[in-house]
Structure formats: structure tokens, C-alpha cells
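Input: a single structure, listed below in C-alpha cells.
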Amino acid sequence: MAHGKPVLFYGSSITEGAHTTRPSNAYTALLSSWLDFDYYNLGFSGGAKGNPEIADFINTLDISAFVLDYDHNAPDVAHLEATHEPFFKKIREKNPNLPILMMTSPDFDYAPDKAERREVVRKTYENAVAAGDKNVYFLDGETFFGTEDRHSCTSDTCHPNDLGHYRMAKVILPVMRKMLENK
């Protein structure tokens, strides 16, 4: 592996790779292959909700970068508001130089509260930047599927299929490359 320490992804069933035809088609696996890094996939179908105990566990691991991608699993916007920034700060407190990417869910077209959720994640990011954090990144999930044939990117209007994961990986790729180069 070109990068000695693994990247850690924390998120939903989308992060887990649900609805791909094989595990190697998940965006996490594609990025790992393209950029030659090992990774931990803490994608929990319905279970990633920004629990502080998970942040404590993540803080015990020696990783090269962290992708925070759980907004899809938050039961509602209020839960996301109550957990997202504290979760990020718990990680940042123990890992002041760790590159951290915050992402929002890609199924933007089909859920009315996605804009509100995106703003919660964006606020965490903007607050970090305003506080002087120079190693934090943000990607808007609405951009992941592009503009052409967006409806072909999910299997159920929620979970990306192989095409959706591929398009996600292509958008995340330059940011992930920058994160790993800045290590």
C-alpha cells in the first residue's frame, strides 16, 4: 500500500456498499484501489448515528484520514444537529492534524429534508474552518451523481447502485488524493 495507515470511513449502508453487485464496486473500495490505501469501513446500515462511543473507538485507531458520512442514518434533522459537530470535535480533539472529509448523502433528489441535513453538515465544516482548521474538507452529496441520468444511480431512490458508487468515487477522488498528499 502506498499509504501506510488506513483511511477510516464512518457512515450508513451507503458507506457499507449496500446495493452494489459486489463489494469491490463500493465507493470506498474504488477509492482504495485507485489511490492504493487500505481502509476500515464502519458503514452501519441504519446504525451510524454519531454516537460518542464510536468516536471514542475511532480515536483509538491509527489512521491516515477520516470520512464522516453518517447524516443519512440520523433519524431526523434535530438528531443530526445535536450529534454532528460534537462527533467531529471529539475526533478532532484527539487528532488535531488528521485530514477529515465531511460528506452529505447522495440521494438528494428523493428526500425533502436533505437540504436541511446538508446545511447541518456544512455548518460543522464552516465552524471548523472559522476556528482555523486547515485539514477539513466538505463534499455536497447532491453533486455525486452528476447531472446526466441521475435517476439511474440508485436501485431504490436511496442506495447507490454500481453506477452511483462509481460516480461518487469519481467526485471524491480528487479530494481524497489531496487529503492523503497533505499528510
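Computed from the coordinates by the stated procedures, all read-outs in this text should not be read as laboratory data. This structure is a prediction, so every number in the text was calculated from the model and none was measured. Quick reminder, even Gly has a Cβ in these numbers, built from the backbone with ideal geometry, and neighbours come from all protein chains shown.
If the condition is being part of a helix (DSSP H, G or I) and out of contact with any helix residue (DSSP H, G or I) (no Cβ under 8 Å at 6 or more places or on another chain), then region 154-173 contributes only Lys170. If you go through region 105-141 and keep only what is of a type outside the set (A, V, I, L, M) and farther than 19 Å from Val171 by Cβ, you end up with Pro112, Asp113, Glu116, Glu119, Lys123, Thr124, Glu126, Asn127, Gly132, Asp133, Lys134, Asn135.
Please go through (1) buried (at least 21 other Cβ atoms within 10 Å of the Cβ); (2) out of contact with any Gly (no Cβ under 8 Å at 6 or more places or on another chain); (3) aromatic (Phe, Trp, Tyr); (4) not in a helix (DSSP H, G or I) for Tyr125 and return the number of the only condition it doesn't satisfy. The single condition Tyr125 does not satisfy is (4). Of the residues making up region 111-144, those that are in contact with a strand residue (DSSP E or B) (Cβ under 8 Å, 6 or more places away or on another chain), farther than 15 Å from Ala78 by Cα and hydroxyl-bearing (Ser, Thr, Tyr) are Tyr125, Tyr137. Summed over region 39-71, residues that are over 17 Å from Met103 (Cα atoms), in contact with a Lys or Arg (Cβ under 8 Å, 6 or more places away or on another chain) and either outside any helix (DSSP H, G or I) or of a type in the set (S, T, N, Q) (or both) total 4. For region 102-118, the criterion of a residue being polar (S, T, N, Q) and surrounded by fewer than 21 Cβ atoms within 10 Å (Cβ to Cβ) is satisfied by no position. Selection within region 133-165: residues that are without any contact (Cβ under 8 Å) to a residue 40 or more places away in the chain and among the aromatic types (Phe, Trp, Tyr). The member of this set that is farthest from Asp109 (Cα to Cα) is Phe138.
A Cβ distance below 6 Å, combined with a sequence gap of six or more or placement on separate chains, defines the contacts here; from region 15-33, residues that are within 10 Å of Asp162 (Cβ to Cβ) reach residues that are among the acidic types (Asp, Glu) and assigned to a helix (DSSP H, G or I) in the pairs Thr20/Asp162; Thr21/Asp162; Asn25/Asp162.
Out of region 141-153, which residues are assigned to a helix (DSSP H, G or I) and of a type in the set (Ser, Thr, Tyr)?
Residues of region 141-153 that are assigned to a helix (DSSP H, G or I), as a first pass: 141-143, 150-153.
Of everything in region 141-153, those that are assigned to a helix (DSSP H, G or I) and of a type in the set (Ser, Thr, Tyr) turn out to be Thr143, Ser152.
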